[in-house]
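Everything below concerns the one structure shown next.
The values are calculated or read from the model by the stated rules, or taken from the named source; none is laboratory data. Keep in mind the model is a prediction, meaning the values are calculated, not measured. A quick note on method: Cβ atoms are made from the backbone with ideal geometry, for glycine too, and the neighbour counts reach across all protein chains shown. Keep in mind that these areas ignore ligands, DNA and RNA; they rest on the heavy atoms of the full protein, side chains included. Shrake-Rupley method; radii C 1.70, N 1.55, O 1.52, S 1.80 Å.
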Amino acid sequence: EVQKHSVHTLVFRSLKRTHDMFVADNAKPIPLDDESHKVKMAVKLRTEYGSVLHMPTLKENMREKGGPATGDPYGHKQYSGDQGQELEYVITGTHPYPPGPGVALTADTKIQRMPSESAAQSLAVALPASQSRLDANRTAAGVGEIYRHAGIPERSQPPGMSMALMEAGGNKNSALAAKKAPTMPKPQWHPPWKLYRVISGHLGWVRCIAVEPGNQWFVTGSADRTIKIWDLASGKLKLSLTGHISTVRGVIVSARSPYLFSCGEDKQVKCWDLEYNKVIRHYHGHLSAVYGLDLHPTIDVLVTCSRDSTARVSITLMTKASVHTLSGHTNAVATVKCQAAEPQVITGSHDTTIRLWDLVAGKTRVTLTNHKKSVRAVILHPRHYTFASGSPDNIKQWKFPDGNFIQNLSGHNAIINTLTVNSDGVLVSGADNGTMHLWDWRTGYNFQRVHAAVQPGSLDSESGIFACVFDQSESRLLTAEADKTIKVYKEDDTATEETHPISWKPEIIKRKRF
């Protein structure tokens, strides 16, 4: 009776038989095929040494044998000196002298040592008569090149340096000159920023902040469900607004009307009349927490973004319903920005993409997929037609209107919650771990790093920056933080370029697209 085995046992036995069958040939080298080896070496000679194949070949045993050695097995033409004379030794790349066609070695120059000026000048370049016209432009290097390159092996240029064949005047000597790799230009000097005021008053994380167009006061929204208005000059509380029933995630003040707009995790978007300090309008439609909002600079349009993966476009004063629902993201939309030029709406999402939208059609113009992690912050430059996006992998700069990649700003290795930039080219990134980095916009140079202490009574873990913004004069930087405070920074007036020099080196630019 045949014994039945499990499938596992049968497969194992099959593998074992296969292993025993081929174990004898394990790690056995494949026999070399002479014909294919010749073809391979001929191709390698042509591609790597094609420019020097016209030169004489070194044969160590020429004098011992009394003549040239056997021909090249790969079918390349061998050049000798004058056909009627005895062939001398010729310089090749392994000798301290640089290779040169037909340069003969004497008893002295056979010793590997640095040549003297007189000895180098006494070396005669003897070319065959038939080759003199052909090789007029391919003679040996000059004395200066001999000094510079003596003892340096061929093809040992540093990586990243492209070599260009430069034709010199006079004797038409050819020398290899290195082209410089692109380097970072010297960044503009910016004075460092220092903390000069800490404002307390909220009872929860301060999640959002905005400065009004007249630069007299600013507004903050918090996890304590309140909106507070503060005097910008003195830092004193002017007004508290209540009405949200969950964390306030976004605030913005209209430059076209006396209205304040706010949004929160309670799915509500509210319009506040600042003359009466009351809510005059609600905007409905989002199915989950509303994470951010922005006003269009030239038309009465409000754009909000939400955890429901959409952004909604509403006309601020005409209707409560949204005009467009911008669908396409596959995860929560964390940030939204508007501008007057096309594309008029830009969104960043937790699905790692950035979308540039056609506001009229309500459709995506461009989707940028370069980031590998959630995009929580987007900021538009006030003067240039460019913008930046922040993600835990790095900060990226882009060019409008098609979202062409410009450069990476690497080094802020944290979850970046917020970005802001002023017209002087100072980009500020604030992170979840409480660190703030300041960058030169044009070059991407990180000229300052700040980690302010939390207010007394807070845990060190409550160190996080949720939002930051410059005031209208761009002389103050305000941050909304997890220790329930608003911190105000200003430029250090005493700093000069001598006291705070740029520790910058012209490093080779490594611009990776991803």
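THR242 sits with roughly 100 Å² accessible to a 1.4 Å probe, with DNA, RNA and ligands left out of the calculation. Ranked by the mean number of other Cβ atoms within 10 Å of their residues, highest first, the peptides 245-252, 214-221 fall in the order 245-252, 214-221.
Eigenvalues of the alpha-carbon gyration tensor of segment 375-514, scaled by 5 and square-rooted, set the equivalent ellipsoid semi-axes at 24, 18, 15 angstrom, largest first. Computed over neighbours whose Cβ is under 14 Å from that of SER200, the net charge equals +1, Lys and Arg +1, Asp and Glu -1. Sorting SER473, SER423, SER51 by accessible area puts them as SER51, SER473, SER423; the probe is 1.4 Å, largest comes first, and only protein heavy atoms count. Report, in listed order, any pair from LYS44/LYS372; LYS16/LYS40; LYS228/LYS399; LYS236/LYS399; LYS236/LYS270 with a Cα-Cα distance greater than 31 Å. The answer is LYS44/LYS372; LYS16/LYS40; LYS228/LYS399; LYS236/LYS399.
Normalised by the number of residues in segment 303-348, the average gap of Cα pairs under 8 Å and 6 or more apart makes the relative contact order 36 percent. Each of SER306, LEU287, TRP272 was scored by the projection of its Cα onto the charge dipole of segment 251-324, and the greatest displacement toward the positive side belongs to LEU287; charges sit on the C-beta of Lys, Arg, Asp and Glu. Converting the Cα gyration tensor eigenvalues of segment 186-319 into ellipsoid dimensions via √(5λ) gives semi-axes, longest first, of 25, 18, 16 Å. Heavy-atom accessible area with a 1.4 Å probe sorts LYS396, LYS238, largest first, into LYS238, LYS396.
Computed about the Cα centre, the dipole magnitude for segment 271-377 is approximately 340 debye when only Lys and Arg (+1) and Asp and Glu (-1) carry charge, each at its Cβ.
Ordered by solvent-accessible area of protein heavy atoms (1.4 Å probe), largest first, the residues LEU359, LEU195 come out as LEU195, LEU359. Hey, how many Å between the Cα centroid of segment 196-252 and the Cα centroid of segment 354-428? Between the Cα centres of segment 196-252 and segment 354-428 lies a distance of 26 Å. Size of segment 361-433 from its Cα atoms: along the principal axes, largest to smallest, the extents are 39, 29, 21 Å. Computed packing ranks the peptides 284-293, 260-269 as 260-269, 284-293, most packed first, by mean other Cβ atoms within 10 Å. Solvent exposure of SER458, expressed as accessible area, is near 30 Å², computed with a probe of 1.4 Å over the protein chains only. In this view, the solvent-accessible surface of PHE22, computed with a 1.4 Å probe and all protein chains in place, comes to about 120 Å².
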